[in-house]
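What follows is a set of notes on a single structure, which appears directly below.
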Amino acid sequence: MFPLARAAQSLVARGIQHTAVRQAHRKHEPTFHDKYGTMVLLGGAAMFSAVWGYVFTQLNIEWGFSPVGRVTPSEWRE
């Protein structure tokens, strides 16, 4: 059993070495994400922050919808 395990390990190691050598000799061409990924991410984060910053500061949104202190009861009519 031990020689079989050693042979299997040798085959796996040899396969990993072949893959590493094959990828090392290949030219890596930058993709869209390599070129512009960070800028797109930062641009999206800036746009998100700007829109929600505007929403939270400029629109008159009334937070806390509790009517306590704002609603007065009308007089009872008989």
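For residues in segment 1-46 being outside any helix (DSSP H, G or I) and modelled with pLDDT under 75, which is nearest to the chain's Cα centre (by Cα)? Here the answer is HIS28. Contact map, segment 16-31: residues that are open to solvent by 80 Å² or more (accessible area, probe 1.4 Å) paired with residues that are modelled with pLDDT of 70 or more, Cβ distance under 9 Å, separation 6+ or inter-chain. Pairs shown: HIS28/ASP34.
The values are calculated or read from the model by the stated rules, or taken from the named source; none is laboratory data. All figures in this text were calculated on a predicted structure; none of them were measured in a lab. Counting neighbours? That spans all protein chains shown, and the Cβs are built from the backbone with ideal geometry, glycine included. These accessible areas exclude ligands, DNA and RNA; they are computed on the full protein's heavy atoms, side chains included. Shrake-Rupley method; radii C 1.70, N 1.55, O 1.52, S 1.80 Å.
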